[in-house]
Amino acid sequence: MTGPVQLGLRENLAQFSLLVAVNAFVGAMVGLERSTLPLVGREEFDLSSSAAVLAFIVAFGLSKAFTNLGAGALAERAGRRRLLIAGWAFALPVPVLIAVAPSWAWIVAANVLLGVNQGLAWSMTVVMKIDLVGPRRRGFALGLNEAAGYGGLAIAAGVSGWLAAEFAARDVLVVAAGAIAVTAFLVSLLFVRDTAAHVALEQAAQHPDTDEAPPRLRDAFPRASYREPALRSCSQAGLVNNLNDGLAWGLVPLFLAAHGAGAAQIGLVAAVYPGVWSVTQIATGHWSDSVGRKPLIVAGMLLQAGALAMLAVSDARIGIATASAALLGLGTALVYPTLIAAMSDAVSPVARAPVVGIYRFWRDMGYAVGALIAGGVADSLGYGGAIGIVAGLTAASGLWVLVDMPWPPEALGRPASRTPGLTTHQSIN
């Protein structure tokens, strides 16, 4: 028998921990590609254009972005657990397509499915953890969630790079991806429970006198994209953050390889960035619960910009590249869980999934935009030029947040106000 529904990390520790493990698998699916797939494009399919190699990231980013949007809208109707299971069902064909691919187009198609997997599975683990813990420890919960995902990504990137130095990179990717997809699908199907009752409990506690329905996508999209300053600041910062993450995924391995780095060295740099990001965002998510969201977002975006500028002028020396990756990871840790927490703060519980889905749509569009910019610029200006341009865009995004995102009303001595579905006094706490 199950006990009464309660909010809180301790009260829901078993399910929360299970979702942490599931999200580690989600991250590992992408991590396997970080240090291997760009090299597979160069070595097995003889792709000479950076834009052609990075086409798989464009496909991944677009499919993940639109899946995030649909997942947020469907979460209240279809249920979080069902979408999580569906996400892992989409992952099952990915290693098969990569294994038998006769052309790069098949790899691109596999990454469309991987994007759907990430959009459904990662979105639902994020929203379900927020559902379980309630509002008081939201930043900490998101720090744990993202730490698990990017910890899995870092481990998979490092191990796959190391194995690719001994075995065929494609074989390493196929075997590991198959094992992860099957395991995560079975765990989600057999052990994960839905969190609809937790959402209802929190909604009743926060809005006892209203019968609020989830917002329609056509109403929520403009609010989260450009109308509400707190929300639009987060959406653009999320897009730029994943723009530079797409560059780190697709272009940095080619940048290092062009200067003579081996697969193991590339795997090291590919693992350090998400590894630092993973470990430190547990603390940064918790920190944002007490010091506020805005300072961490601004500082994180500017730190990422500095790290990318450092990498651009490094001539791909492994020591500098590794240090740059560590700083990039720290900057991302300041931003990543904080942005989702800020979006979640600003809306009521029943509006959470649609609004977070819209944020994740814009954030993951950054993969596609970043790959297009990085690939096109690298073909004309070289790798260093592409990295430098992305560094400038990242700095501009941080300054946008500094200017556009409002401070909490209580910090300015004003009473908090509320509008339906939006809690303005919480928007950047």
Portion, in percent, of the accessible area of region 31-96 that falls on carbon or sulfur, probe 1.4 Å = 62 percent
Between the modelled labels at Ile320 and Ala168 (7 Å from Cα along Cα→Cβ) the distance in nm is 3.7 nm
Heavy-atom accessible area with a 1.4 angstrom probe orders Trp400, Trp362, most exposed first, as Trp400, Trp362
Please list the non-local residues whose amide H lies under 5 Å from the amide H of Val347, H modeled 1.01 Å from N, same-chain partners needing a gap of 5 or more.
-> Thr423
How far, in nm, would the chain grow between Leu13 and Arg227 when pulled straight, counting 0.36 nm per residue and subtracting the alpha carbon separation?
-> 73.4 nm
In degrees, nearest ten, helix 196-206 long axis to first principal axis of the chain (Cα) = 50 degrees
Heavy-atom accessible area per residue - region 88-240, 1.4 Å, Å² = 40 Å²
Kindly write out, for region 360-375 in residue order, the coupling ³J(HN,Hα) from the Karplus curve 6.51 cos²θ - 1.76 cosθ + 1.60 (θ = phi - 60°), rounded to whole Hz, with x marking Gly and Pro.
-> 5, 4, 5, 4, 7, 4, x, 4, 5, 4, x, 5, 5, 5, 5, x
Between Ala99 and Ala396, Cβ-based FRET efficiency (R0 30 Å, step 0.05) works out to 0.10
Starting at the first residue of region 25-42, write each ³J(HN,Hα) from the Karplus equation 6.51 cos²θ - 1.76 cosθ + 1.60 with θ = phi - 60°, in whole Hz, x for Gly and Pro.
-> 5, 4, x, 4, 4, 7, x, 4, 7, 4, 9, 10, 5, x, 6, 4, x, 6
Arg77-Ala205 FRET efficiency (beta carbon distance; Förster radius 25 Å; 0.05 resolution) = 0.65
Taking every eigenvalue of the Cα gyration tensor of the chain, multiplying by 5 and rooting it, what semi-axes result, largest first, whole Å?
-> 34, 25, 18
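The values are calculated or read from the model by the stated rules, or taken from the named source; none is laboratory data. Keep in mind the model is a prediction, meaning the values are calculated, not measured. Heads up, the Cβs are rebuilt from the backbone with ideal geometry, glycines too, and the neighbour counts pull from every protein chain shown. Surface areas here come from the heavy atoms of the whole protein model, side chains and all, with no ligands, DNA or RNA. Shrake-Rupley method; radii C 1.70, N 1.55, O 1.52, S 1.80 Å.
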